[in-house]
Amino acid sequence: MEKFTSKVLIFGEYSLLYNSMALTMPYDKFSGQFAFTDLEHDNQSAKLSNKGLRQLCSHMLENHTDETFKLNVNKFKSELDKGLFFESNIPQGFGLGSSGALVAAIFLRYLEKAGDFKDGLKHLTKEKICSLKSCLGGLEGYFHGTSSGIDPLSILINQPLLLKSATDISTVEVPTYNPSGKHVVFLLNTRLARNTDKLVDQFKEACKRPEFKTKLENDLIQFTNGGINSFLSSNTEGLYKNLDNLVKFQLNEMNYLIPESYQTLVKNGLDSGNYFLKICGSGGGGYMLGFTKEWDKTKKELEKEDIEILYRY
């Protein structure tokens with residue numbers, strides 16, 4: 001069955017909730033796909049997946065009323081009875097879109113006229129993308145309470161996505177990958193699980209303070225948008241300047257999103273100028289996202305950490 005790869009939010013964590021730009025990219029190291037198992041035998045992980053999917057299916061039977069993207073939920077239920085489960089190696093709670101991949105898989109497998117949808121996938125209008133994002137967000141909201149729909153949308157389209165606003169979303173060209181390029185985007189695995197809902201609630205609570213809300217709107221959004229525009233135009237000087245400001249903002253104003261044991265590493269990168277380490281997705285653990293033009297120096301500084309290259313150009 002079709003595989004759905006993980007994704008990484010390169011820029012836009014939290015600020016996109018207040019209409020900043022955002023940029024996502026596919027990450028094909030991890031993926032998930034539907035499979036069937038014999039429920040009579042003791043495949044515990046498959047059984048747990050099947051059980052969880054049954055609960056989601058019941059939720060969809062009661063709540064999915066989207067007329068634009070009709071899903072055959074009864075077929076979903078029937079296949080669950082035959083042992084359907086979601087086989088995935090995407091780490092859960094690490095910011096790589098584990099629930100988004102599942103939602104994308106459900107959408108494409110049970111969408112009525114899915115063949116027509118696939119044929120038009122490369123020619124989606126902005127209006128259709130916004131409608132699709134809304135439908136996917138409604139499905140993923142089952143896992144998180146609320147969802148922007150960005151993760152499953154990015155995974156379904158499987159191309160870099162640029163969000164200029166909540167209603168202006170399109171695919172975008174990123175700098176050409178170069179395996180020996182000087183500029184490296186990398187992931188750091190903290191190996192710490194996190195509670196996304198709790199972190200989002202903390203952020204929303206902080207936004208009730210006028211002084212923080214003003215800083216978010218005047219500073220964080222500016223650094224985020226500037227970082228995206230610089231990255232897409234290969235303006236590396238502008239990229240690292242915006243990253244410096246963005247990471248300082250996260251460290252000074254949003255440090256509850258950075259694991260305490262990693263705040264020194266974040267500060268060390270700022271002090272040395274060799275790398276810029278920021279939260280990935282909701283923060284609080286999982287993966288962190290790094291940028292550097294000094295990869296050899298960064299590898300040495302972070303030699304005790306679990307790091308890997310995401311993109312190089």
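The values are calculated or read from the model by the stated rules, or taken from the named source; none is laboratory data. Fair warning: this is a prediction, and the values are worked out from it, not measured in the lab. Neighbour counts are summed over all protein chains in view; Cβ atoms, including those assigned to glycine, are modelled from backbone coordinates with ideal geometry.
Miscellaneous remarks
- Counting the residues of the stretch 248-281 that are outside any helix (DSSP H, G or I), modelled with pLDDT of 95 or more and either touching a helix residue (DSSP H, G or I) at 6+ places or on another chain (Cβ under 9 Å) or under 21 Å from residue 237 (Cβ atoms) (or both) gives 9.
- Inter-residue pairs, beta-carbon under 7 Å, first among the hydroxyl-bearing types (Ser, Thr, Tyr) and in the stretch 187-214, second assigned to a helix (DSSP H, G or I), 6+ apart: 190/262; 196/144
- Residue 117 satisfies every condition listed in (1) surrounded by fewer than 21 Cβ atoms within 10 Å (Cβ to Cβ); (2) aromatic (Phe, Trp, Tyr); (3) not in a helix (DSSP H, G or I) except (3).
- Conditions (1) touching a helix residue (DSSP H, G or I) at 6+ places or on another chain (Cβ under 7 Å); (2) in a loop (DSSP other than H, G, I, E, B); (3) free of Cβ contacts under 8 Å to residues at least 40 places away in the same chain: number failed by residue 146: (1)
- Filter result for residue 67 (modelled with pLDDT under 95, surrounded by 19 or more Cβ atoms within 10 Å (Cβ to Cβ) and not assigned by TED's automatic domain parsing to the domain that holds residue 191): no
- Members of the stretch 259-308 that are aliphatic (A, V, I, L, M) and in contact with a Pro (Cβ under 9 Å, 6 or more places away or on another chain): 288
- Residue 186 more than 16 Å from the chain's Cα centre (by Cα) and not in a loop (DSSP other than H, G, I, E, B): no
- Any hit, the stretch 172-180, residues being over 28 Å from residue 259 (Cβ atoms), over 19 Å from the mean Cα position of the chain (by Cα) and surrounded by 15 or more Cβ atoms within 10 Å (Cβ to Cβ): yes
Listed here are the residues, each with its yes/no results for (1) under 24 Å from the mean Cα position of the chain (by Cα); (2) among the charged types (D, E, K, R); (3) on the phi > 0 side of the Ramachandran plot; (4) exposed (fewer than 15 other Cβ atoms within 10 Å of the Cβ).
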{"position": "6", "(1), (2), (3), (4)": "yes, no, no, no"}
{"position": "13", "(1), (2), (3), (4)": "yes, yes, no, no"}
{"position": "18", "(1), (2), (3), (4)": "yes, no, no, yes"}
{"position": "24", "(1), (2), (3), (4)": "yes, no, no, no"}
{"position": "27", "(1), (2), (3), (4)": "yes, no, no, no"}
{"position": "61", "(1), (2), (3), (4)": "no, no, no, yes"}
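- Some residue of the stretch 272-294 being surrounded by fewer than 24 Cβ atoms within 10 Å (Cβ to Cβ), among the small types (Gly, Ala, Ser) and over 22 Å from residue 22 (Cα atoms): yes
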